[in-house]
Amino acid sequence: MHYVSTRGESPAAGFSAALLAGLAPDGGLYVPAAWPRLTAADFDGCTSLAQVAERLIAPFAAGDELAGQLGAIAADAFTFPAPLVPVAGAGYSVLELFHGPTAAFKDFGARFLAACLTRLRAADARPLEILVATSGDTGGAVAAAFHRRPGIRVAVLFPRGLVSPAQAQQLTCWGENVQAFEVRGSFDDCQRLVKAAFVDPVLRAHLDLSSANSINLGRLLPQAAYHAATALAVWRAGGRAPSFVIPSGNLGNALACVWARHVGLPIGDIVLAHNANRAVADHLAGKPWQPRRSIATLASAMDVGAPSNMERLQALFPALPDLQAAVTADVVDDGAIRRRIADDYRAYGAIWCPHTATAAEVMARMPAERRARGPWIIAATAHPAKFREIVEPLIGRDVPVPESLAQLYERPSASTALEPRLDALRAALLPAAAAGEGGA
Ligand SMILES: *Cc1c(COP(=O)(O)O)cnc(C)c1O
């Protein structure tokens, strides 16, 4: 299997090369050069998430050096469940994607990528240096997934004072091969610094740099696996293809569901639940595609004005009518998020994080005839305990903290202050002699 860039200006790359590169050299995103075709029967005998993942991803890694290790990689990555839980009285189920180490769905992708990259490092190679800029959730999932992986170091850059206390703890509690840098600047400064590092000749001469951001294929494919496993379980139990409502920002989770359906998994409708960042919804309503600046909302992990995976969605469905047939979208503002959290706790005893609440709101608004074409599933992308300062006042009680998060909160935290300048990053990452080369 080969991967080509959505922008068509890069040479085709194999599975491992695409994982190591993250972004294609022309700035585009890697997509399969040809699509594998699978049916539900191809998954006969696969019951666990790890087994479904191995079977689903096998054709995507065909011919690659990692192909023979996919079983071990999937077993290494999928160490926590993604249970489908009916919401009593609501007429739909919730796919709980928050049982990993940092209690958000990004743990699946980060762990799978870590399991792959670890196996791609030769024992005698210099360490792979993963650089991540984070506004909160991504950095924690990546740090957790790569912690103690041999041959890999992680540098997480986050903006000082601009992440929640829980998020800061998830970024700074690791130590060993994970370094957290508290940047005196904004998230955009962190991102600019990471981008500058990737093209800096001094850093490139001394380090093997890689990124682990959400557009990496190694994060997308495992997300397709839990959609596949869930769809198969529903299909086997009742002979119906479930439909999904997915809280969306950069569209990585939703695109993975689209890819699972595209290769042949029994999946019905796919509905994108957005917060007030409405670029995708407006385009699906017929307006020209227009990326925007992001707007801050309660569902902050979805505050994306220019979703990068739109490029992959458009590569699959270049004509707007085909895109409109493939996915629909709805927009939920902060007022509706608040009301939905309060109402569903009262009605069903369900506790949603603000992101999951956008999907619950989209379900609640859905016309009866569309609902009847279910079964419907909403994706719960994070545990509500991660956002307790928002959720608790709305439901009038404490949110129980899951064991995994409680463990993280007990670890000591450490971070290094960093000025948002390339010379400061060089000095932090390189031995003194190397850092001085080439000036600032
Ligand atoms: C990242 C994130 C999202 C958005 O997912 P995308 O793949 O970027 O669309 C939604 N909810 C939570 C909790 C997240 O961390």
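Counting only residues that are more than 14 Å from the ligand (Cβ to nearest atom) and not aromatic (Phe, Trp, Tyr), give me the strands (runs of 3 or more DSSP E) lying completely in the stretch 188-300 with at least 1 of them.
Details: elements: 208-210, 243-247, 270-274.
The strands (runs of 3 or more DSSP E) meeting that bar are 208-210, 243-247.
Need pairs with beta-carbon distance below 6 Å; first residue closer than 19 Å to Thr6 by Cβ and touching a residue at least 40 places away in the same chain (Cβ under 8 Å) and within the stretch 285-309, second more than 9 Å from the ligand (Cβ to nearest atom) and among the small types (Gly, Ala, Ser); sequence gap 6+ or separate chains.
Listed pairs, sorted by first residue: Val304/Ser294.
Restricting to the stretch 137-187, give me the number of residues that are part of a strand (DSSP E or B) and not aliphatic (A, V, I, L, M). Even if it seems obvious, please write down each step before you answer.
Applying the first criterion (part of a strand (DSSP E or B)) to the stretch 137-187 yields 152-159, 175, 178-183.
This time we only want the ones that are not aliphatic (A, V, I, L, M), so: 153, 158-159, 175, 179, 181-182.
Qualifying residue count for the region: 7.
Does Phe112 satisfy the criteria of being among the aromatic types (Phe, Trp, Tyr) and assigned to a helix (DSSP H, G or I)? Break it down into steps so the answer makes sense when it comes.
On the way: among the aromatic types (Phe, Trp, Tyr): yes; assigned to a helix (DSSP H, G or I): yes.
Against the criterion (among the aromatic types (Phe, Trp, Tyr) and assigned to a helix (DSSP H, G or I)), Phe112 qualifies.
Restricting attention to the stretch 81-108, and to residues there that are among the hydrophobic types (A, V, I, L, M, F, W, C) and surrounded by fewer than 17 Cβ atoms within 10 Å (Cβ to Cβ), which single residue is modelled with the lowest pLDDT?
So in the stretch 81-108, the residues among the hydrophobic types (A, V, I, L, M, F, W, C) come out as 82, 84-85, 87-88, 90, 94-95, 97-98, 103-105, 108.
When the remaining residues are screened for being surrounded by fewer than 17 Cβ atoms within 10 Å (Cβ to Cβ), the result is 85, 88.
Numbers: Val85: 98, Ala88: 93.
Residue satisfying both the conditions and the ranking: Ala88.
Out of the stretch 297-328, which residues are farther than 17 Å from Ala260 by Cα and surrounded by 22 or more Cβ atoms within 10 Å (Cβ to Cβ)?
Leu298, Ala299, Ala301, Met302, Val304, Pro307
Consider the stretch 371-394. How many of its residues are away from the ligand (no atom under 16 Å from the Cβ) and touching a strand residue (DSSP E or B) at 6+ places or on another chain (Cβ under 9 Å)? Spell out how you get there, then give the answer.
Of all residues in the stretch 371-394, those away from the ligand (no atom under 16 Å from the Cβ) come to 371-376, 392-394.
From what is left, the residues that are touching a strand residue (DSSP E or B) at 6+ places or on another chain (Cβ under 9 Å) are 371, 373-376.
Qualifying residue count for the region: 5.
Which of the residues spanning the stretch 33-57 are over 18 Å from Leu70 (Cα atoms) and either in contact (Cβ under 8 Å) with a residue 24 or more places away in the chain or crowded, with 21+ Cβ neighbours inside 10 Å (or both)?
Ala33, Ala34, Trp35, Arg37, Thr39, Ala40
Exactly one condition in (1) over 25 Å from Ala285 (Cα atoms); (2) modelled with pLDDT of 95 or more; (3) within 16 Å of the ligand (Cβ to nearest atom); (4) touching a strand residue (DSSP E or B) at 6+ places or on another chain (Cβ under 9 Å) is not met by Ala360; state its number.
Result: Ala360 fails condition (1) only.
Counting only residues that are in a helix (DSSP H, G or I) and under 23 Å from Gln191 (Cα atoms), how many does the stretch 384-433 have?
Filtering the stretch 384-433 for residues in a helix (DSSP H, G or I) gives 384-395, 403-410, 422-429, 432-433.
Remaining after also requiring under 23 Å from Gln191 (Cα atoms): 422-429.
Residues that pass the stated criteria total 8.
Sort through Gly151, Gly136, Gly161, Gly185 and tell me the only one that's closer than 22 Å to Ser294 by Cα and free of Cβ contacts under 8 Å to residues at least 60 places away in the same chain.
Values: Gly151 fails: closer than 22 Å to Ser294 by Cα; Gly136 fails: free of Cβ contacts under 8 Å to residues at least 60 places away in the same chain; Gly185 fails: free of Cβ contacts under 8 Å to residues at least 60 places away in the same chain.
Selected residue: Gly161, the only one of Gly151, Gly136, Gly161, Gly185 that is closer than 22 Å to Ser294 by Cα and free of Cβ contacts under 8 Å to residues at least 60 places away in the same chain.
The values are calculated or read from the model by the stated rules, or taken from the named source; none is laboratory data. Being a predicted model, the structure only gives us computed values, none of them experimental. With ideal geometry, Cβ positions are generated from the backbone for all residues, glycine too; neighbour counts draw on all protein chains shown.
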